Structure formats: structure tokens, C-alpha cells
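Visitor: Once you've had a glance at the structure underneath, I'll fire off some questions.
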Amino acid sequence: MGKEYFRRPALSLIRLHITAEGQAEQAFVKRILAPHLGDFDVFADARCVETGRNKRIGRTYRGGLISYKKAKSDIITWMKDDDHAECRFSTMFDLYALPDDFPEYSDAVREADPYRKVQVLEQALMDDINDRRFIPYIQLHEFEALIFADVKQLDWEYLDHDAPIRRLGEVVKMTRDQNPELFDDNPETAPSKRIMREIPEYDKANAGILVAQKIGLATMRTRCPHFRAWVESLERLAQVS
């Protein structure tokens, strides 16, 4: 059985809209995070961030955080479309390859401590959106950090990859406190790049989500402190009047 979490009686029911960077993050919210939050009277959904729109054919393109300006516009539009008091909004963006037009980006990149870096960015995002219903979240450093919370579970999707998976496990052991959020965001050593170097056929949006389901939220939140803090803040939403 998984770990049980203390739950206070709900003061209200909350609808939570999460703007996700891509399909993997969207699937993670819908298939893993939303069922958990439902036990806390928080009913979550997600959509990929808008990247473009063809007005001639009436088509909107989503997935991939290519500019902050587009992301902000998409978040604000969703807030206007659903302006009810019981609604809350959040994000699931990767720190890795974050666009450089993000607010306070130049200050954040000078921070050596990744937790301080993401704190600067999240505060700047919250200030720029400027809505009490908004809870910013930036993943350290990307979705695959959650996979490294128990990288051995990759063998559920990638049979006969014992040696590559073992090498990935050794990477975690060499990280301070075995904390995958402390992996750096160098293009060669970011979490996704490490996995793809060992398992070139790794498929983030499909196999990655199935592996994340095997790992489970309890393990992820134990190994990833910043992620844990976000989940806990979402769990409390229905208890805040």
C-alpha cells in the first residue's frame, strides 16, 4: 500500500487548471496527479501551452515552451475564460531550456543554487501573472527528474536494458543526497539526455508516463523536494477559504 496522507475536511471544491509544457507533462497531470488530488477535493485538468494559431483554418497548435510571451498569453486567456472563484491555475514548465524572455531570467541564471534559481523564476512568474488564483511551478530540471526518483522502473518498458538502467542508477547515487532535482541542465547531462544516451528509443510521452505510474507519487515526492512542495500546496487548495 502507498503512503497515506492526512486530509482535513474540505472547505470548498476546487477546479485546478494546469498549463503544461508538453504532452508528457499534460499526461502526467491527467493520469497521475489528478486522481491523487481528487482525494483532496481538487479536480485537476491540463492542456499543453499554446505555441501558435492559424486563424485562416481556425487551428491552435500546442506543446513546447518556445516563448514566455506566448505562454503568458495562454495562461491569461484561460483565466479569463474560467474566472470563477473556485478555480485555481498552475504550470508545469521545465527549467531546462526555459526561454530567455522569461521574467527575471537573467538574474536567475546567475544563481548557482538550482533551488534559488527556480525560486527567483517562480516568484517573477507569480508577480507577472498577478492573480491570487495562480500557483507557479517550474520543474527542476525537467520531467525526467521524476523518472530518476526510481530509475529502475524503466525496466517495465525497456526489457533487456539491464546494463543501461544500472548505469543510470549509478548516476543517481553520485548525486548529492541522491536527489535528481540536483542534476544540472547542461544539454549533455540534463535528465532526459542521460536517459536517451543509455536508451535511445526512450519515449517521454508514452513510456515515460507508464514508468512514472510505476514509480508513483509517493516515491517522487520523497526524492524530489521541490516537486513535493508543489504537490502539497495543491493538496491544501480546498482547505483554504
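Visitor: Of everything in the stretch 198-215, what is more than 14 Å from the chain's Cα centre (by Cα) and either more than 23 Å from Arg176 (Cβ to Cβ) or modelled with pLDDT under 95 (or both)? Give them in sequence order.
Guide: Within the stretch 198-215, Ile199, Pro200, Glu201, Tyr202, Asp203, Asn206, Ala207, Leu210, Val211, Gln213, Lys214 meet the criteria.
Visitor: Out of the residues in the stretch 131-158 that are acidic (Asp, Glu) and in a helix (DSSP H, G or I), state the one that is surrounded by the most Cβ atoms within 10 Å (Cβ to Cβ).
Guide: Glu144
Visitor: Same structure, new question: Quick check on my filter: what residues within the stretch 96-113 are part of a helix (DSSP H, G or I) and surrounded by fewer than 18 Cβ atoms within 10 Å (Cβ to Cβ)?
Guide: Within the stretch 96-113, Tyr105, Ser106, Asp107 qualify.
Visitor: Can we say Phe93 is buried (at least 18 other Cβ atoms within 10 Å of the Cβ), touching a residue at least 12 places away in the same chain (Cβ under 8 Å), touching a His at 6+ places or on another chain (Cβ under 6 Å) and assigned to a strand (DSSP E or B)?
Guide: Here the answer is no, as Phe93 does not meet what is asked.
Visitor: Give the residue that is farthest from the chain's Cα centre (by Cα), with candidates limited to residues of the stretch 216-241 that are of a type in the set (Lys, Arg) and under 19 Å from Ile138 (Cβ atoms).
Guide: Checked the stretch 216-241; the qualifying residue farthest from the chain's Cα centre (by Cα) is Arg223.
Visitor: I need a count of the residues in the stretch 159-186 that are touching a residue at least 24 places away in the same chain (Cβ under 8 Å) and either under 18 Å from Thr219 (Cα atoms) or out of contact with any strand residue (DSSP E or B) (no Cβ under 9 Å at 6 or more places or on another chain) (or both). Write out each step before concluding.
Guide: The initial filter retains those residues of the stretch 159-186 that are touching a residue at least 24 places away in the same chain (Cβ under 8 Å), namely 161, 164-165, 167-168, 172, 178-185.
Cutting the leftovers down to either under 18 Å from Thr219 (Cα atoms) or out of contact with any strand residue (DSSP E or B) (no Cβ under 9 Å at 6 or more places or on another chain) (or both) gives us 161, 164-165, 167-168, 172, 178-184.
The number of residues fulfilling the criteria is 13.
Visitor: On the given criteria, is Lys80 surrounded by fewer than 21 Cβ atoms within 10 Å (Cβ to Cβ) and at pLDDT 95 or above?
Guide: So Lys80 passes the test.
Visitor: Taking the options Ala108, Ala112, name whichever one is more than 19 Å from the chain's Cα centre (by Cα) and farther than 26 Å from Leu217 by Cβ.
Guide: Numbers: Ala108 fails: more than 19 Å from the chain's Cα centre (by Cα).
From the options Ala108, Ala112, the qualifying one is Ala112.
Visitor: Hey, does the stretch 169-186 have a residue that's farther than 19 Å from Tyr115 by Cα, assigned to a helix (DSSP H, G or I) and within 22 Å of the chain's Cα centre (by Cα)?
Guide: Within the stretch 169-186, one or more residues are farther than 19 Å from Tyr115 by Cα, assigned to a helix (DSSP H, G or I) and within 22 Å of the chain's Cα centre (by Cα).
Visitor: What is the one condition in (1) out of contact with any helix residue (DSSP H, G or I) (no Cβ under 8 Å at 6 or more places or on another chain); (2) surrounded by 22 or more Cβ atoms within 10 Å (Cβ to Cβ); (3) within 19 Å of Ile215 (Cβ to Cβ) that Asp39 does not satisfy?
Guide: Unmet for Asp39, out of (1) out of contact with any helix residue (DSSP H, G or I) (no Cβ under 8 Å at 6 or more places or on another chain); (2) surrounded by 22 or more Cβ atoms within 10 Å (Cβ to Cβ); (3) within 19 Å of Ile215 (Cβ to Cβ): (2).
Visitor: Continuing with the same structure: Farther than 24 Å from Phe183 by Cα, in contact with a Pro (Cβ under 8 Å, 6 or more places away or on another chain), in the same structural domain as Thr19 (by TED's automatic domain parsing) and surrounded by fewer than 18 Cβ atoms within 10 Å (Cβ to Cβ), is that true of Asp128?
Guide: So Asp128 fits the description; yes.
Visitor: Count, please, the residues in the stretch 203-241 that happen to be in a helix (DSSP H, G or I), touching a residue at least 12 places away in the same chain (Cβ under 8 Å) and not β-branched (Val, Ile, Thr).
Guide: Residues of the stretch 203-241 that are in a helix (DSSP H, G or I), as a first pass: 207-215, 217-223, 225-235, 237-239.
Then keep just the ones that are touching a residue at least 12 places away in the same chain (Cβ under 8 Å); that gives 207-215, 217-220, 222-223, 225-227, 230-231, 233-235, 237-239.
From what's left, not β-branched (Val, Ile, Thr): 207-208, 210, 212-214, 217-218, 220, 223, 225-227, 230, 233-235, 237-239.
Adding up the residues that qualify gives 20.
The values are calculated or read from the model by the stated rules, or taken from the named source; none is laboratory data. Only a predicted model underlies this, so the values are computations on that prediction, with no experimental measurement involved. Please note: Cβ atoms are built from the backbone with ideal geometry, for glycine as well, and neighbour counts cover all protein chains shown.
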